[in-house]
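Trainee: For reference, the structure I am asking about is given below.
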Amino acid sequence: MTIHEKDIPQKTDFTVVGKSVKRSDTLEKVTGSAVYAGDIALPGMLHGKIKRCEIAHAQIKRIDTSKALALKGVKAVLTHENVPHVLHYGSPHPRSASCTKDQYIFDHRVRYWGEGVAAVAAVTEEIAEEALHLIEIEYEPLPAVFTIEEAMKPDAPLIYDNGLDHNNVLPPVVVRRGDIDKGFAEADLILENEFDLGRPTPAYMEPNVCVTQWDGNGKLTIWSSTQTAFMVRGALAEVLGVPLNKVRVVVDHMGGGFGAKQDLFQHEFLCALLARETAKPVRMEYTRKETFLGGRSRHPGKIWLKQGFTKDGRITARQARIVFNSGAYGSHSPGVTNVGTAAMTSLYRCENVDLEGRAIYTNTPIAGAFRGYGVVQTYFAIDLQVDEAAERLGFDPAEFKLKNAVREGDIAPSGHPIVGHGLEDCIRRGIEESDWVNVRKTSGGSGVKRRGWGIGCEMHGSSAYPGIKEQGNAIVKMNEDGTVTLLTGTAGLGTGAHTALSQIVAEELGVPFESIGVVQGDTDVVPWDIGAFASHTTYMGGRAAQIAAADVKRQVLSHAAPLLEAEADQLTIEGGVIRVTGTNRSMTLKDAVAPHRGIPAIQLVGVGTYTPTKSYSFGAHFVEVEVDTETGEVAVLQVIPVHEIGKVVHPIAAAGQIEGGIQQGIGHTLSEDYVIDLTTGRSLNPSFVDYKMPLSMDMPPIRTIILETAPDPGGPWGAKGVGEDPIIAIGPAIANAIHDAIGVRFHHYPITPENILDALRETTKEA
Amino acid sequence: MKSFDYHEPKSLEEASSLLAELGKPASIIAGGTDLLVEIKEELRAVSHVVNIKRIAGLDWKSWDPEKGLRFGTLVTAREIETWPAVVKHYPNLRTAVSLLGSIQVRNRATVVGNICRASPSADTIPPLIADGAELTVYSNAGERVIPVEELFTGPGKTVLVPGDIVTGIHVPAPRARSGRAYIKHGRRKAMELATVGVAVSLERDGDTCADIRIALGAVAATPIRARTAEALLRGRSLDDDTLAAVAETAMQESTPISNVRASAAYRREMVGVLTRRAIGMAMGGIQ
């Protein structure tokens, strides 16, 4: 085992990084002038709509579009009969191990209730909508399966013929270490449970939307709400049969994505094709209902987990069978299955592991990438069972988790030794902050309302390595007045990523934050980028920006050295002033780079490329709940999230990520579930009327604690990711707190009031 | 959104004849917070929308300790919520309107609109039934008064016919030693439809309950009275056994359905729990 030395630049005098500067997009957002893809309006623009099937599995026998085409104002109708029939990746990380190539723009077969079957472009949205009703489709129904159990039966209909049987999306992911039999033989206590996972969806504020336009030279421009502009460009070019220089993808601001907007959606292809067909710009925007039907949820499924424990509190064996429900297409199932399964090797130490992960096609809406990417599910199972083991063995759960927490140098899920581990710090700090030992003494009781405390832990990697070998890129240009322009391909989902990147550039260059401008999300302009996901934007994109800034700084200093009659390595830049170390000679950056009479401005362009491996961030959530034993309602009373994320670039933005993750996680654990009718495959709650996320009124006080105790040498000044972490630990923490309050252990989410009452009735019966 | 014809009558008489003439495909619009969503989502086919906001004299309100509360059909939910008379004397109605949608919605939505939409889960209806409120209905055929309790015939259905326009509502003055409460049960605290709503209005006489009305929302095809449960308590003392029997009876009187929001069994169970809690709150709030 190798333990990496921490090679972190020992910088302490930060002037911009670590400060909650005013976000660079504040003004345009509060004034409503920030431009989102849906705001683009072009002369002569048409409106596109998608007709969706109301059958879960069928062959299309006949489509008659004549009445729709005859409707005044309709300009084009597309079906599987007149779009390119090119098999493409569901998510456009080309040829990565994370995604499947199993989709067509339109197929002659539909595989889930709500799949798009035809598209219309018309002069108004209303006419397009009306035309959808005029398209006649005759289906030949096929047998459909909606659960993983049904889909895995030997006689189940095959939803996709990929050469694998039992509707497997990919060959099973198998991870084995040590000797599982020996591990169980050594155990004094063996726990075995099956965990049932609900179907939360990301419910981003901004529905999927794009606007497309072809110019006279056959070049497509698409403004789209996507996390992966360059990937969209690649997939569109491939399917449409045009070179990359004929596709330009633009994404300025986004209203969220949470991972799901890594996929390439039907409307992006269709909008491009409708625009080509009509020679007019076309706009397509999903309705809220379509973000459910045509969107991507978290993977539902089942996890069977068996672990062995010794009396002295060690984990000797961990065996798991994970089966994710992929829905009708593969999307990110390979990635989610790999990451979720591998994650189970870690968090709490165990030398003997035997894990198998699968993803199964069913005739239900598509599951895809979503904040926490398989790990939300598998750590829910592990943490709940470890919590129960602690109780059975007579340990305090927090002490037990601390005792078993992953350590420096342990092999991480990525297969690498962990460098910069912070889980122990998080647990210790949370125990202190919550006054854990004392508050746990007051739990439960026999009243109508009972309170309890729970702890949940997590770790999550920044970057998708080793599933995807990623690369972060940046270009930094210094203008002749000393101001700076950063060109980055990373998308701004709304997290403040571009502010963080600007802070890093400002810090590296020694200029004020306000000197930095950002150009983002235009594939014709900015350097290539893999997309904003995997908690890697600050870690990887930030490091690339830092490298590019350092490059420019070198150029500036070598230009300034003769002007200051010094060597470049004697020079520093602070607050926009270049100083010669050890002397009182200085000049402003502006003077150094500005044109002078007879001397033109010079080009100062720095390029940064960074190829990361992976770092891990850690978190422990301490939660107090109150359970109403008559109504079954669970109120989360307070949350103390403790996160170790290396160097914090923007404290308020980091805390915002954590609070948002907790809000989403509370919803997933207690109320959010996208429900599919198991007899027809129909979506039962594709709207915010019946898909209930917690709102501000439901949010408890959150006392966020961020630690910088375990920086990673990979990130800028040791910074690591924080995007996905906060949604992982909150679920187990709540479930464990419910147990502390009422003595019932649940093995599923969401845990609804009805579940609580049913369980309490069971306990009364048994007693 | 599907297109429709839009009308702006200037008087009740004009509106009534227009509505009578247009018949079922016409819908009155006041706040529009329900109607426009339903049209957009294609939940309701409407070919004529008749705006009554141009008719003078429908936005009045008055409070009198003897005569009670009266307000016109265009008074918004937010006005009711923030009206000191309501805050002081009708905490049940106050709670109900304050839980309807968001503040933005309540600034547009009208209480009468919430009633006439006739949703089984409408928040304002149970407290108004429990307080014995009545609607004044204008029609060119003549004006009449309909108790809120008698308005509903099914989900979204009322006894009103084309040409009828509810002009206002009257809630009787609270009697001496009376208390009232409304409890909404939902999956979250705001922006929510009631899974179960329970309103209780009662009068106390010494240790006994002199009179009581229990109204239940979202547990039958229309908001209902739990009359058998009420009868168990009327003239009786409020001991635990009686309360348990009342709760149990109210559960039996409800006929909820199962859907994605909750199962029928859970809704029925909540009728029991919340009826008991609402009686306790109403007793606690006696003025």
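Trainee: Out of the residues in region A:188-201 that are crowded, with 21+ Cβ neighbours inside 10 Å and not β-branched (V, I, T), which is farthest from A:R288 (Cα to Cα)?
Mentor: Residue satisfying both the conditions and the ranking: A:F195.
Trainee: Further question on the same structure: Since A:A260 meets every condition but one in (1) in contact with a strand residue (DSSP E or B) (Cβ under 7 Å, 6 or more places away or on another chain); (2) surrounded by 20 or more Cβ atoms within 10 Å (Cβ to Cβ), which condition does it not meet?
Mentor: Condition not satisfied by A:A260: (1).
Trainee: While we're here: Restricting the search to region A:748-767, which residues are within 20 Å of A:A620 (Cα to Cα) and in a loop (DSSP other than H, G, I, E, B)?
Mentor: Scanning region A:748-767 gives no hits.
Trainee: Same structure again: Within region A:613-629, is there a residue that is in a helix (DSSP H, G or I) and either within 30 Å of A:G454 (Cβ to Cβ) or within 14 Å of chain B (Cβ to nearest Cβ) (or both)? Write out each step before concluding.
Mentor: Residues of region A:613-629 in a helix (DSSP H, G or I): none.
Taking every residue of region A:613-629 in turn, none turns out to be in a helix (DSSP H, G or I) and either within 30 Å of A:G454 (Cβ to Cβ) or within 14 Å of chain B (Cβ to nearest Cβ) (or both).
Trainee: When B:S201 is evaluated against the numbered criteria (1) surrounded by 15 or more Cβ atoms within 10 Å (Cβ to Cβ); (2) more than 20 Å from B:G154 (Cα to Cα); (3) within 14 Å of chain A (Cβ to nearest Cβ), which criterion, by number, is the only one it fails?
Mentor: Evaluating B:S201 over (1) surrounded by 15 or more Cβ atoms within 10 Å (Cβ to Cβ); (2) more than 20 Å from B:G154 (Cα to Cα); (3) within 14 Å of chain A (Cβ to nearest Cβ) leaves (3) as the failure.
Trainee: Let me ask something else. Need at least 3 residues that are under 26 Å from the mean Cα position of the chain (by Cα) and more than 21 Å from A:G542 (Cα to Cα) per element, so show me which strands (runs of 3 or more DSSP E) inside region A:404-523 make the cut, counting only ones lying wholly within it.
Mentor: Output list reads A:449-462.
Trainee: Can I ask one more? Taking interchain pairs and intrachain pairs at least six residues apart, which have beta carbon atoms under 6 angstrom, with the first residue in region A:155-174 and surrounded by fewer than 19 Cβ atoms within 10 Å (Cβ to Cβ) and the second part of a loop (DSSP other than H, G, I, E, B)?
Mentor: Close Cβ pairs satisfying both conditions: A:P157/A:P143; A:H166/A:M152.
Trainee: Right, next: For region A:295-321, which residues satisfy the criterion of being in a loop (DSSP other than H, G, I, E, B) and crowded, with 23+ Cβ neighbours inside 10 Å?
Mentor: Of everything in region A:295-321, those that are in a loop (DSSP other than H, G, I, E, B) and crowded, with 23+ Cβ neighbours inside 10 Å turn out to be A:G295, A:R296, A:R298, A:H299, A:P300.
Trainee: So how many residues does region B:25-55 have that are part of a loop (DSSP other than H, G, I, E, B) and in contact (Cβ under 8 Å) with a residue 12 or more places away in the chain?
Mentor: Going through region B:25-55, the residues part of a loop (DSSP other than H, G, I, E, B) turn out to be B:25, B:30-34, B:41-47, B:52-55.
Restricting the remaining residues to those that are in contact (Cβ under 8 Å) with a residue 12 or more places away in the chain gives B:25, B:30-34, B:42, B:44-47, B:52-55.
Result for region B:25-55: 15.
Trainee: If you go through region B:195-229, how many residues are farther than 26 Å from B:T33 by Cβ and within 17 Å of the chain's Cα centre (by Cα)? Write out each step before concluding.
Mentor: If we filter region B:195-229 for residues that are farther than 26 Å from B:T33 by Cβ, which is where we start, we get B:200-214, B:225-229.
From what is left, the residues that are within 17 Å of the chain's Cα centre (by Cα) are B:200-201, B:213-214, B:225-226.
So the count comes out to 6.
Trainee: Among the residues in region B:34-48, are any within 14 Å of chain A (Cβ to nearest Cβ), under 29 Å from B:G142 (Cα atoms) and surrounded by 14 or more Cβ atoms within 10 Å (Cβ to Cβ)?
Mentor: Yes, there is a match, as at least one residue in region B:34-48 is within 14 Å of chain A (Cβ to nearest Cβ), under 29 Å from B:G142 (Cα atoms) and surrounded by 14 or more Cβ atoms within 10 Å (Cβ to Cβ).
Trainee: Kindly list, by first and then second residue, each pair from a residue in region A:594-607 that is more than 16 Å from A:T485 (Cα to Cα) to a residue that is part of a loop (DSSP other than H, G, I, E, B) and small (G, A, S), limited to pairs with Cβ atoms under 9 Å and residues at least 6 apart or on different chains.
Mentor: A:P595/A:A601
Trainee: Kindly provide the set of residues from region A:524-550 that are aliphatic (A, V, I, L, M) and either within 14 Å of A:L493 (Cβ to Cβ) or part of a loop (DSSP other than H, G, I, E, B) (or both), ordered by number. Explain how you work it out, then say what you get.
Mentor: Applying the first criterion (aliphatic (A, V, I, L, M)) to region A:524-550 yields A:525-526, A:530, A:532, A:534, A:540, A:544-545, A:547-550.
Hits for region A:524-550 are A:V525, A:V526, A:I530, A:A532, A:A534.
Trainee: Identify all residues within region B:251-274 that are closer than 28 Å to A:N685 by Cβ and part of a helix (DSSP H, G or I); write none if there are none. Before the answer, list the steps.
Mentor: As a first pass, look at region B:251-274 and keep what is closer than 28 Å to A:N685 by Cβ: B:251, B:254-274.
B:M251, B:A264, B:A265, B:Y266, B:R267, B:R268, B:E269, B:M270, B:V271, B:G272, B:V273, B:L274 - these are the residues of region B:251-274 that are closer than 28 Å to A:N685 by Cβ and part of a helix (DSSP H, G or I).
Trainee: I've got another one for you. Of all residues in region A:485-494, how many are surrounded by fewer than 24 Cβ atoms within 10 Å (Cβ to Cβ) and either under 21 Å from A:S224 (Cβ atoms) or in contact (Cβ under 8 Å) with a residue 60 or more places away in the chain (or both)?
Mentor: 2
Trainee: Identify all residues within region A:12-34 that are outside any helix (DSSP H, G or I) and surrounded by 13 or more Cβ atoms within 10 Å (Cβ to Cβ); write none if there are none.
Mentor: Hits for region A:12-34 are A:F14, A:T15, A:V16, A:V17, A:G18, A:K19, A:S20, A:V21, A:R23, A:S24, A:D25, A:A34.
Trainee: While we're looking at this one, here's another question. Would you check if A:R248 is closer than 30 Å to A:A390 by Cα and not small (G, A, S)?
Mentor: Spelling it out, it is not the case that A:R248 is closer than 30 Å to A:A390 by Cα and not small (G, A, S).
Trainee: Any residue that is at pLDDT 95 or above and in a helix (DSSP H, G or I) - is there at least one of those in region A:367-376?
Mentor: The answer is yes; a qualifying residue exists.
Trainee: Go through the residues of region A:610-620 one by one and say whether even a single one is among the charged types (D, E, K, R), surrounded by 24 or more Cβ atoms within 10 Å (Cβ to Cβ) and at pLDDT below 95.
Mentor: yes
Trainee: Counting only residues that are within 15 Å of the chain's Cα centre (by Cα) and more than 9 Å from chain A (Cβ to nearest Cβ), how many does region B:177-194 have?
Mentor: Residues flagged as within 15 Å of the chain's Cα centre (by Cα) and more than 9 Å from chain A (Cβ to nearest Cβ) within region B:177-194 amount to 6.
Trainee: Let me ask you something else. Suppose we keep only residues that are within 12 Å of another protein chain (Cβ to nearest Cβ) and not in a loop (DSSP other than H, G, I, E, B) within region A:668-705. Which one would you say is nearest to A:I756 (Cα to Cα)? If you could, list the steps in order and put the result at the bottom.
Mentor: Here is the first cut: in region A:668-705, the ones within 12 Å of another protein chain (Cβ to nearest Cβ) are A:670-677, A:682-700.
Now narrow it down to the ones that are not in a loop (DSSP other than H, G, I, E, B): A:670, A:676, A:683, A:696-698.
Working: A:L670: 11, A:I676: 22, A:S683: 25, A:S696: 24, A:M697: 22, A:D698: 19 Å.
Checking each candidate, the answer is A:L670.
Trainee: A further question follows. Within region B:63-81, count every residue that is more than 16 Å from B:R94 (Cα to Cα) and in contact with a strand residue (DSSP E or B) (Cβ under 7 Å, 6 or more places away or on another chain). I'd like the intermediate steps shown before the answer.
Mentor: Of the residues in region B:63-81, the ones more than 16 Å from B:R94 (Cα to Cα) are B:64-67, B:72-74.
Those left that are additionally in contact with a strand residue (DSSP E or B) (Cβ under 7 Å, 6 or more places away or on another chain): B:72-74.
Number of matching residues: 3.
Trainee: Within the set of pairs 6 or more residues apart or between chains, which connect a residue that is within 14 Å of chain B (Cβ to nearest Cβ) and of a type in the set (G, A, S) inside region A:735-764 to a residue that is crowded, with 21+ Cβ neighbours inside 10 Å and not in a loop (DSSP other than H, G, I, E, B) with Cβ atoms less than 9 Å apart?
Mentor: A:A759/A:I742
Trainee: Out of all the residues in region A:109-130, which are within 13 Å of chain B (Cβ to nearest Cβ) and surrounded by fewer than 24 Cβ atoms within 10 Å (Cβ to Cβ)?
Mentor: Residues satisfying the conditions are A:T124, A:E125, A:E126, A:I127, A:E129, A:E130.
Trainee: Right, another one. For region A:174-280, which fully contained helices (runs of 4 or more DSSP H) count at least 2 residues that are of a type outside the set (G, A, S) and under 22 Å from the mean Cα position of the chain (by Cα)?
Mentor: A:229-240, A:266-278
Trainee: Of the conditions (1) under 30 Å from A:E115 (Cα atoms); (2) touching a strand residue (DSSP E or B) at 6+ places or on another chain (Cβ under 7 Å), A:H332 clears all except one; give me its number.
Mentor: (2)
Quick grid of which residues meet (1) crowded, with 20+ Cβ neighbours inside 10 Å; (2) within 13 Å of chain A (Cβ to nearest Cβ); (3) of a type in the set (D, E):
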position: B:R213; (1), (2), (3): yes, no, no
position: B:G217; (1), (2), (3): yes, no, no
position: B:R234; (1), (2), (3): no, no, no
position: B:A244; (1), (2), (3): no, yes, no
position: B:E253; (1), (2), (3): yes, no, yes
position: B:Y266; (1), (2), (3): yes, yes, no
position: B:V273; (1), (2), (3): yes, yes, no
position: B:G280; (1), (2), (3): no, yes, no
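The values are calculated or read from the model by the stated rules, or taken from the named source; none is laboratory data. Please read all numbers here as calculations on a predicted model, not as lab measurements. Glycine gets a Cβ as well: all are built from the backbone with ideal geometry, and neighbour counts include every protein chain shown.
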